[in-house]
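Working notes for the structure below.
The values are calculated or read from the model by the stated rules, or taken from the named source; none is laboratory data. Computed from a prediction, not measured in an experiment: that's the story for all the values here. Every residue, glycine as well, gets a Cβ built from its backbone with ideal geometry; the counts of neighbours run over all protein chains shown.
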Amino acid sequence: MFGGMGNMGNMAGMMKRVQKMQNEMKKMQDELKRKTVDVTAGGGAVKIVMDGEKQVQSLTLDPAAVDPEDVEMLQDLLTAAFNEATRKVDDMMKTEMGKLASGLGLPPGMI
């Protein structure tokens with residue numbers, strides 16, 4: 001009369017898919033946290049390695065970039081490198097999450 005059993009089966013199947021998606025997202029997020037991006041600025045004068053949690057793993061300065069007479073240049077190079085590294089991590093996350101969404105049959109932008 002109410003057709004309840006068919007709806008229950010659909011709901012259970014949907015819940016399994018949601019749980020699978022959550023597990024896949026968690027796995028991917030854990031993997032992305034361990035990935036790193038490398039960025040250089042000033043022709044290699046500054047190098048930053050940043051992980052997927054936006055934590056700096058290493059910072060390397062060419063001694064030639066450390067000019068006490070031009071601290072502003074070094075500050076600009078560091079600012080540019082940090083901004084680029086953060087942007088690269090964001091791009092990496094978007095790309096990988098887009099792949100996950102596509103693999104799960106979700107429309108783009110759903111994750």
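Okay, here's what the table says:
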{"read-out": "Segment 50-74 residues that are without any contact (Cβ under 8 Å) to a residue 40 or more places away in the chain and surrounded by 12 or more Cβ atoms within 10 Å (Cβ to Cβ), paired with ones that are among the aliphatic types (A, V, I, L, M) and in a loop (DSSP other than H, G, I, E, B) (beta carbon under 6 Å, 6 or more apart)", "value": "62/45; 65/45"}
{"read-out": "Qualifying residue in segment 3-19 (condition: at pLDDT 90 or above and closer than 25 Å to residue 100 by Cα)", "value": "no"}
{"read-out": "Matching residues, segment 26-43, being farther than 25 Å from residue 95 by Cβ and either touching a Phe, Trp or Tyr at 6+ places or on another chain (Cβ under 8 Å) or surrounded by 11 or more Cβ atoms within 10 Å (Cβ to Cβ) (or both)", "value": "42"}
